[in-house]
């Protein structure tokens, strides 16, 4: 849309690689504005996001129900590629979305569950309570959020679950250095 | 100071989660974008990519069947009839270092870890619009230059070889250890 015609490529050839440069095809969408320009697209977007916030609790409940259904399928059918993927995807979505929806502690508990699914050597050997406690905690955090005094409790609950999960993963992966390194490494991707 | 005319940009958003697609759509429209195409899986996104020729792709990583990583790899085909150069922003719940490296090696232009914020998304878009990196083509890679820091003194094992063919022999750690004993 921003391009009128294909840009001419400039190709430099080296012994084992080519460097390909093209005139910036998106350059024309940039415009210089005064420092005191009052239009703030980020503020506008944040306000629009606020407008959506009345739906967040409902969305979070839908995500939580999906997680509970995935867990129920595992209790019924055991871990298969399909049930494992469904549980991981549901937990992973909550990990990514929960903070945006106003449930950061649910996101932290979901992240802990994702780490178990990803790094446990054999999911059938993971204590079933460890997984169930994560699911229950996420559900409790989401359903009881309206009580102001539950925020710190939710945070503490997530922290403790992560501690137990990390301890389990460190022990279970003691002979798997790649996984152990991943379990112990901090996340590095900045949010901003 | 620069601003982006979002109404001149065409976006393709790929995420299997409808709530996240709604958030992205809301943010992009609030920035001023008019053309935002959405897909819930990588295969449909690839079809839409060919059909709509978006200026910028924003994709999730984890999706069923055909994920965001595969989408990036399919777009970054230097011989393809479509545009292999479009900026790809990977928006994902993954935030581990090795994931960032894997995404980078698949040709992803920018990596944005969830939770999403308006500011972070705007900055990534501004970066791909204002500061496009040259593309590098090797036997095993085609995509934006993975090196953001220009360092002419770098002598690591993955140093690129210039016009004058030079082979840099790097002793392995095992060799170094043997020498030290």
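The values are calculated or read from the model by the stated rules, or taken from the named source; none is laboratory data. Everything numeric in this text was worked out from a predicted model, so none of it was measured. FYI the Cβ positions are ideal-geometry reconstructions off the backbone, even for glycines, and counts take in every protein chain you see.
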Residue match in the stretch B:40-50 (condition: in contact with a helix residue (DSSP H, G or I) (Cβ under 8 Å, 6 or more places away or on another chain), in contact (Cβ under 8 Å) with a residue 12 or more places away in the chain and either surrounded by fewer than 17 Cβ atoms within 10 Å (Cβ to Cβ) or within 26 Å of residue A:42 (Cα to Cα) (or both)): yes
Residue within the stretch A:6-20 that is touching a helix residue (DSSP H, G or I) at 6+ places or on another chain (Cβ under 9 Å) and either modelled with pLDDT of 85 or more or at the interface with chain B (Cβ under 7 Å from one of its Cβ atoms) (or both) present: no
Failed criterion for residue B:122 (all others in (1) over 15 Å from the mean Cα position of the chain (by Cα); (2) touching a residue at least 60 places away in the same chain (Cβ under 8 Å); (3) in a loop (DSSP other than H, G, I, E, B) hold): (3)
Tally, over the stretch A:153-189, of residues that are out of contact with any strand residue (DSSP E or B) (no Cβ under 7 Å at 6 or more places or on another chain) and free of Cβ contacts under 8 Å to residues at least 40 places away in the same chain: 19
Identity of the residue in the stretch B:23-34, crowded, with 19+ Cβ neighbours inside 10 Å, more than 16 Å from residue B:59 (Cα to Cα) and touching a strand residue (DSSP E or B) at 6+ places or on another chain (Cβ under 8 Å), that ends up nearest to the other protein chains (Cβ to nearest Cβ): B:31
Boolean, residue B:79 is on the phi < 0 side of the Ramachandran plot, at the interface with chain A (Cβ under 8 Å from one of its Cβ atoms) and modelled with pLDDT under 95: no
Yes/no for residue A:32 being more than 30 Å from residue A:11 (Cβ to Cβ) and surrounded by 13 or more Cβ atoms within 10 Å (Cβ to Cβ): no
Residue within the stretch B:161-177 that is assigned to a loop (DSSP other than H, G, I, E, B) and modelled with pLDDT of 90 or more present: no
Unmet requirement for residue A:81, which otherwise passes all of (1) over 20 Å from residue B:91 (Cβ atoms); (2) surrounded by 16 or more Cβ atoms within 10 Å (Cβ to Cβ); (3) more than 11 Å from every other protein chain (Cβ to nearest Cβ): (2)
Single residue of A:91, A:45, A:70, A:98 found to be crowded, with 16+ Cβ neighbours inside 10 Å and closer than 21 Å to residue B:34 by Cβ: A:45
Failed item, numbered, when residue B:93 is tested on (1) crowded, with 20+ Cβ neighbours inside 10 Å; (2) more than 20 Å from residue B:11 (Cβ to Cβ); (3) in contact with a strand residue (DSSP E or B) (Cβ under 6 Å, 6 or more places away or on another chain): (3)
Qualifying residue in the stretch B:98-106 (condition: crowded, with 19+ Cβ neighbours inside 10 Å, more than 12 Å from chain A (Cβ to nearest Cβ) and in a loop (DSSP other than H, G, I, E, B)): yes
Lone unmet requirement of (1) in contact with a strand residue (DSSP E or B) (Cβ under 8 Å, 6 or more places away or on another chain); (2) closer than 28 Å to residue A:108 by Cβ; (3) at the interface with chain A (Cβ under 9 Å from one of its Cβ atoms) for residue B:54: (2)
Residue selected from the stretch A:31-65 under the condition at pLDDT below 90 and at the interface with another protein chain (Cβ under 8 Å from one of its Cβ atoms), by the criterion nearest to residue B:30 (Cα to Cα): A:39
Out of B:74, B:20, B:1, sole residue that is within 7 Å of chain A (Cβ to nearest Cβ) and farther than 30 Å from residue A:62 by Cα: B:1
For residue A:68: the one exception among (1) more than 10 Å from chain B (Cβ to nearest Cβ); (2) over 27 Å from residue A:141 (Cα atoms): (2)
So residue A:33, is it within 30 Å of residue B:51 (Cα to Cα) and without any contact (Cβ under 8 Å) to a residue 40 or more places away in the chain: no
